[in-house]
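What follows is a set of notes on a single structure, which appears directly below.
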Amino acid sequence: MSEPAKPGILDRLRARFGWFDHVMRAYERFDDRNGGFFAAGLTYYTIFALFPLLMVTFAVGGFLLSRRPEALKTIDDHIRSSITGALSQQLVDLMNSAINARTSVGVIGLATAAWAGLGWMSHLRAAVTEMWSDQHLDSPGFVRNKISDLIEMVATFAVVMFTLALTALGHEGPMRAVLRWLGIPEFPAFDWFFWLLSILISIFVQWLLFTWMIARLPRQKVSLINSVKAAFLAAIGFELFKQVASIYLRVVLRSPAGATFGPVLGLMVFSYITAYLVLFATAWAATASGDAGPKPVAPPPPAVIAPRVQMDEGLRPRQTLTAMAVGAVGALAFSRLTRRIR
């Protein structure tokens, strides 16, 4: 009689440590719901949406420079002093043409940014909803989905702007300006204090942003408490990733190849890791209840009973003649067989 199989090391760790079992359940949920695929899709939409945003940025810069000719002249002089020859004139002409076309560039950029932003928001909401939901949700309709995505996109943009403003206030420069305004002298110990305070403010800001994404963007009601806990862990992980990425970029950008391709590759990796972290945190929040039992199964569709009436028309004349012939041949063969036996 064979002995029962012993539990593996992962099973023993999951039975011993509740937090490890939670992480494994979150990863299983993330993997079952194609979290990596959704993260890759979010990366594509993020990169795609950057180009129309750059067009809008150039248009805004063009409007500002057109109203400040002294700033425009300063930029022209800087270009001509830094670059000699015909290339400097080409750059100046290119900048002037971009400023002259600021209206058309801005309109096209805004329209394209709105279209790309709606795609990004729709994909993000579908991804976080998939991490939360145990059953397939019926769509309320194309028009309602787009209106809802537009509202959430505007709200998310406002939240992002608010968090960016808080992050800017947490940098070393603004804090030193506050100290000078208060008349407090600077000490060397303030360097470590500013560094620690900026990290704490950054974690707090990221916590707010991730909580908004995990709790507000799904297309169904979710647990706010679990979302807040998951967002806090995601904010800490994201801050660690930023610190490591900053060191890595400083090393990579020293080489010519790294300076050329590093920013683009860094942006792609940054977008993918961010999306991956948000979706994994959402899966963590969805499995925070600790219920590892069977998930509810949707009932099958109702059975449709449709009786079918088929009339029996009996044997046709050809079938009757064939049956009579087969019967006669069978009877003749049976009679000859019985005579031989006698």
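Readers should treat all values here as calculations from the given coordinates under stated rules, not as data from a laboratory. No experiment lies behind these values; they were computed from the predicted model shown. Cβ atoms come from the backbone with ideal geometry, glycine included; neighbour counts cover every protein chain shown.
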Quiz item: Can you run phi through the Karplus equation (6.51, -1.76, 1.60; θ = phi - 60°) for region 26-42 and list ³J(HN,Hα) in whole Hz, with x for Gly and Pro?
Solution: 5, 5, 4, 5, 4, 6, 5, 9, 6, x, x, 5, 5, 5, 5, x, 5
Quiz item: Going by how many other beta carbons lie within 10 Å of each one, how would you line up Met24, Met131, Met268, fewest first?
Solution: Met268, Met24, Met131
Practice problem: Identify all lysines with a Cα-Cα distance to Lys229 below 29 Å; exclude those on the same chain that are fewer than 8 residues away in sequence. | Solution: Lys221, Lys242, Lys295
Quiz item: Assuming R0 = 30 Å, what is the FRET efficiency of Ile108 and Ala155, from their Cβ-Cβ distance, to the nearest 0.05?
Solution: 0.75
Quiz item: Classify region 1-70: rounded, prolate or oblate, from the alpha-carbon gyration tensor (a ≥ b ≥ c, eigenvalue square roots; a/c under 1.5 rounded; otherwise prolate if a/b is larger than b/c)?
Solution: prolate
Self-check item: Amide H contacts under 5 Å for Arg219, placed H, 5+ residues apart
Solution: Thr129
Quiz item: Got a sec? How would Lys242, Lys146 order by Cβ neighbour count within 10 Å, fewest to most?
Solution: Lys146, Lys242
Quiz item: Mean 1/r over all different Cα pairs, inverted: what Kirkwood radius does region 190-257 give, in Å?
Solution: 13.8
